[in-house]
Amino acid sequence: MSWKIFLTFLGYHWRYHAALIASWLIPRSKRIWVVGGSKGLRFADNARHFALEARRNWPKQTIIWISPSAEIRMEAIRAGITSYHPTSLLGIWFSLRASWHIFDTSFKDINEFTGIGAKWLNLWHGVPLKSLDNIMPWPRTDKLSRLHDWWYRKNSQYHKKYLAYPAPAHFEYMSKVLDLPLKNIIATNLPRNQQLLSGPCSYLSPEELQLRQQLKKTGKILIGYFPTWRDTGMDKFMGATTTEDISALNTLLEKYNALLITKWHSCSYSEYQHRGISQTAADIDNTLEQSKNIRKLPFQCDLNTVLDCCDMLVSDYSGVLIDYILLHRPVIQIPYDLAEYKMFTGVMPDYDLFSSAVGPLTLNFSQLLNQLELYLQLPDALQTAYLPTQAALKDHYFVTTESTTALKNILKPVEY
């Protein structure tokens, strides 16, 4: 073992034991919640929309946004939410005092250590179409592992973990993937989806307002393309294999006065530091820069703040497809690497149900281009054909379209 590995190991356990001692000595307050998401790199998604709604609905509750990024902390403060660095004195203090740690990916979105003893609410970032088996925890049954989990309070922490999730068909699977009791899954819609049902959220940044205004002023048919990330990092743009393909798409968009807006999944950005970082995005981006009818959205963009601007959606296995059915608008699928994806990543058991019912399934760029032109010629025909099956999918994935009541019942916010 090298000295570097040894010192990393020592530092980790020192911090964990310090946090354990603090969790025994410092009482947690039901008046304080800390919130974070996306590894602290973005003020976005379910954590952001939860924090905004909680601030509006329960003003007596102290809500703190935790992020290591000064830029993200400033964005939260602009939205009216107090924010601290996770290892600052105030960040550590409020995280140790908070009764709830609320995040949308992992407890590490806030702090790996200061959540010991708190209750955890995972607002998981969407309903998945792809398999999550690769993050399922390994069973730990030997005596040493059981002693380790007891010493580090992981056994008691297990019963304090909760998940907000809208699709009952996935409850048992998600309880295994995220290692939490089945009874601790709260049947509720995701906070980020409320703006798809009742209009833009209570706070939009100046940049978000400007983007929405720019998109509306174009007067064009707006098409969204928001693909998932791939473990291999070998993504293509809608399955395109050459720059000529992108040019053909650009020409089609020009012909029908359409604009395609796109955002590579957050995990494809180098900023996200994810193992699925795209190996092809830079080359694709260079091609897209030259296409005046295609517009890229930046890493910081909170996708659901512009999703309702899209007249139709194109995607592959991304959970954005499930969010989008709340709008009852046309969808075209382009799982161009379906066989490979099923082999290396896998899809959920209900993927076949979804893919046959949400909208036309195209398996390569040529098929997609043809289907897209059919939509641009007769947009109403495509939507009418899939309205009944989309309605059935909505009932399958969303037991309710409301999020506040169910979360209030479990969080028990201070209201007086």
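Computed values, structure above
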item: Filter result for the condition that a residue is within 20 Å of Val399 (Cα to Cα), within 20 Å of the chain's Cα centre (by Cα) and crowded, with 23+ Cβ neighbours inside 10 Å, over Leu321, Leu313; result: Leu321
item: Residues within the stretch 253-304 that are modelled with pLDDT under 80, farther than 16 Å from Thr243 by Cβ and in a helix (DSSP H, G or I), tallied; result: 6
item: Which numbered condition Met343 fails, given (1) in a helix (DSSP H, G or I); (2) under 28 Å from Leu41 (Cα atoms); result: (2)
item: Within the stretch 27-41, considering residues that are part of a loop (DSSP other than H, G, I, E, B) and modelled with pLDDT of 90 or more, the one surrounded by the most Cβ atoms within 10 Å (Cβ to Cβ); result: Gly36
item: Criterion (surrounded by 22 or more Cβ atoms within 10 Å (Cβ to Cβ) and not charged (D, E, K, R)) met by exactly one of Trp14, Trp24, Trp65; result: Trp65
item: In the stretch 96-107, the residues that are closer than 26 Å to Asn189 by Cα and either among the aromatic types (Phe, Trp, Tyr) or modelled with pLDDT of 95 or more (or both); result: Ala98, Ser99, Trp100, His101, Ile102, Phe103, Phe107
item: From Asp179, Asp231, residue being in contact with a Lys or Arg (Cβ under 8 Å, 6 or more places away or on another chain), under 30 Å from Ile81 (Cβ atoms), among the charged types (D, E, K, R) and touching a residue at least 12 places away in the same chain (Cβ under 8 Å); result: Asp179
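To keep it simple, each residue is scored yes or no on (1) crowded, with 19+ Cβ neighbours inside 10 Å; (2) within 16 Å of the chain's Cα centre (by Cα).
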position: Ile72; (1), (2): yes, no
position: Glu75; (1), (2): yes, no
position: Leu89; (1), (2): no, no
position: Ser95; (1), (2): yes, no
position: Trp100; (1), (2): yes, no
position: Lys108; (1), (2): no, yes
position: Lys119; (1), (2): yes, no
position: His125; (1), (2): yes, yes
position: Met136; (1), (2): no, no
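The values are calculated or read from the model by the stated rules, or taken from the named source; none is laboratory data. The structure displayed is predicted, hence computed values, not measured ones. As a convention, Cβ positions derive from the backbone with ideal geometry for all residues, glycine included, and neighbour counts pool all protein chains shown.
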